[in-house]
Amino acid sequence: MNGRSRILAIHFSFAVAAAALVLSASAHAQKLPDTMSWSSYDVGSAGYAQASAIADAFGKKYGTKVRIQPSGSSIGRLQPVLEKRADFGFLATETFFAAEGVEDFAARRWGPQDLRVLAGAASSFGMPTAADANIRTLADVKGKRFAYVAGNPSISVKCDAVLSFVGLTRKDIDVVMFPTYGAAMSSIAQGKTDATCTTTTPSQMYELQASPRGIHWVDLPADNKQGWARVAKVAPFLAPRVETVGAGLSAEKPAQMMSYRYPVLVVRADMNADEVYAFMKAMDETFDIYKGATAVMPRWKLSEAGTPPIDAPFHEGAIRYLKEKGIWTAEHQAWNDARVKRLNALRAAWQNAQAAGKGKSDQEFAAIWEKFRMQAIDSL
């Protein structure tokens with residue numbers, strides 16, 4: 001080979017290598033598809049409004065057309081994701097229930113689902129009381145009339161977590177069960193109960209604030225490590241949050257509460273990591289388009305929405321993008337590793353419970369599964 005041929009060969013080799021790098025980068029930075037399907041809460045809900053705002057932003061920036069499948073039931077929102085009829089789910093606390101195999105997902109055909117999350121908007125949740133009930137600390141609620149909503153496990157599990165902060169359970173309070181959320185929330189102002197648990201902005205809370213009884217939010221101090229450890233046993237997706245917006249609250253009069261995520265962006269664990277990465281990148285790049293759509297849309301900023309705790313472990317594709325943005329920390333990774341370990345332990349316990357419950361009635365199986373589930377959690 002003469003000198004000119006050697007130079008041409010070298011140039012050709014560099015060109016091939018450069019082309020390979022371009023192809024590799026293109027594969028890594030996978031673009032959004034032309035069409036997508038998401039599941040969400042019903043039309044008119046906050047979750048649907050937020051999903052719609054993000055979908056609109058994706059359409060404006062990338063031309064992606066998004067079809068949103070609304071549903072009023074937890075299974076109706078999750079099943080399309082599991083069956084690959086929806087690419088992403090804008091879900092609620094059913095994410096946690098499905099990953100744990102509890103409530104609707106304790107049935108034999110379900111069990112703990114192998115789910116992953118991408119991000120979730122933070123919402124506050126706490127314990128409002130009548131100011132005249134003299135409940136100043138969580139321990140003071142012992143023996144008091146406490147409003148629960150029948151058939152609403154999403155609220156109930158959070159209420160149970162609030163009580164667990166000081167080692168209490170429903171056995172330690174006077175549980176008053178109401179058929180609807182509105183009835184439960186109105187019950188304090190009506191003198192039927194003394195406390196409940198909810199978000200900060202329902203109309204009934206403003207009514208309580210304006211009533212002769214008045215409103216008081218009981219603090220859940222962020223520095224109470226034992227309290228938060230007890231909460232994590234009941235609902236590991238909850239975290240401390242200081243809230244200044246809502247009935248009886250202001251910048252001058254904040255309250256220390258719990259934070260949970262709604263909506264939660266959910267996918268199957270086996271979803272392609274590049275697709276998840278591309279979605280996260282799109283969420284980030286369109287933030288300025290959708291952040292003003294509703295009052296809570298700024299909470300989708302990934303530095304807040306893309307961090308634990310949350311209802312299930314984060315997807316590897318999401319973690320990859322969060323690391324690139326400098327958001328994901330060693331502490332976040334430690335939380336995620338522990339959450340994956342818990343999920344895997346529960347999935348293994350489910351298999352053991354299925355074997356032990358073979359031929360048993362559904363009622364007997366429920367007791368068997370609860371036993372195996374608690375053993376799995378206690379072993380962690």
Within the range 136-157, tally of residues that are assigned to a loop (DSSP other than H, G, I, E, B), open to solvent by less than 60 Å² (accessible area, probe 1.4 Å) and within 30 Å of ILE75 (Cβ to Cβ):
2
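Hey, could you check the range 314-355 for residues that are among the hydrophobic types (A, V, I, L, M, F, W, C) and free of Cβ contacts under 8 Å to residues at least 12 places away in the same chain and say which is least open to solvent (accessible area, probe 1.4 Å)? Outline the logic, then answer.
Start the filter on the range 314-355 by keeping residues that are among the hydrophobic types (A, V, I, L, M, F, W, C), which leaves 314, 318-319, 322, 327-328, 330, 334-335, 338, 340, 343, 345-346, 348-350, 353, 355.
Within this subset, residues satisfying the condition of being free of Cβ contacts under 8 Å to residues at least 12 places away in the same chain are 330, 334, 355.
Values: ALA330: 85, ALA334: 59, ALA355: 74 Å².
Among them, the one singled out is ALA334.
Given the condition assigned to a helix (DSSP H, G or I), open to solvent by less than 40 Å² (accessible area, probe 1.4 Å) and without any contact (Cβ under 8 Å) to a residue 40 or more places away in the chain, answer yes or no: does some residue in the range 201-211 qualify?
From the range 201-211, those assigned to a helix (DSSP H, G or I) are 203-210; that's our starting set.
Among the residues that remain, those that are also open to solvent by less than 40 Å² (accessible area, probe 1.4 Å) are: 204-205, 208.
Next, from what is left, pick out any that are without any contact (Cβ under 8 Å) to a residue 40 or more places away in the chain: 204.
Yes, the range 201-211 contains at least one residue that is assigned to a helix (DSSP H, G or I), open to solvent by less than 40 Å² (accessible area, probe 1.4 Å) and without any contact (Cβ under 8 Å) to a residue 40 or more places away in the chain.
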Taking VAL267 as meeting all but one of (1) open to solvent by less than 50 Å² (accessible area, probe 1.4 Å); (2) assigned to a strand (DSSP E or B); (3) closer than 21 Å to LYS158 by Cα, write down the number of the exception.
(3)
The listed residue being in contact (Cβ under 8 Å) with a residue 60 or more places away in the chain, over 24 Å from ASP42 (Cβ atoms) and touching a His at 6+ places or on another chain (Cβ under 9 Å), out of ASP194, ASP274:
ASP274
Restricting to the range 308-326, what's the tally of residues that are part of a loop (DSSP other than H, G, I, E, B) and within 26 Å of GLU100 (Cβ to Cβ)?
7
Can you tell me which residues in the range 59-79 are of a type in the set (Gly, Ala, Ser), more than 30 Å from VAL102 (Cβ to Cβ) and open to solvent by less than 40 Å² (accessible area, probe 1.4 Å)?
GLY59
Please specify each residue of the range 277-294 satisfying the condition of being assigned to a helix (DSSP H, G or I) and either touching a helix residue (DSSP H, G or I) at 6+ places or on another chain (Cβ under 7 Å) or touching a residue at least 12 places away in the same chain (Cβ under 8 Å) (or both).
TYR277, ALA278, PHE279, MET280, LYS281, ALA282, MET283, ASP284, GLU285, PHE287, ILE289, TYR290
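The values are calculated or read from the model by the stated rules, or taken from the named source; none is laboratory data. This one's a predicted model, so the numbers in the text were calculated from it and none came from an experiment. Neighbour counts run over all protein chains shown; Cβ positions are idealised from the backbone, glycine included. Side chains included, ligands, DNA and RNA excluded: accessible areas come from the protein's heavy atoms. Shrake-Rupley method; radii C 1.70, N 1.55, O 1.52, S 1.80 Å.
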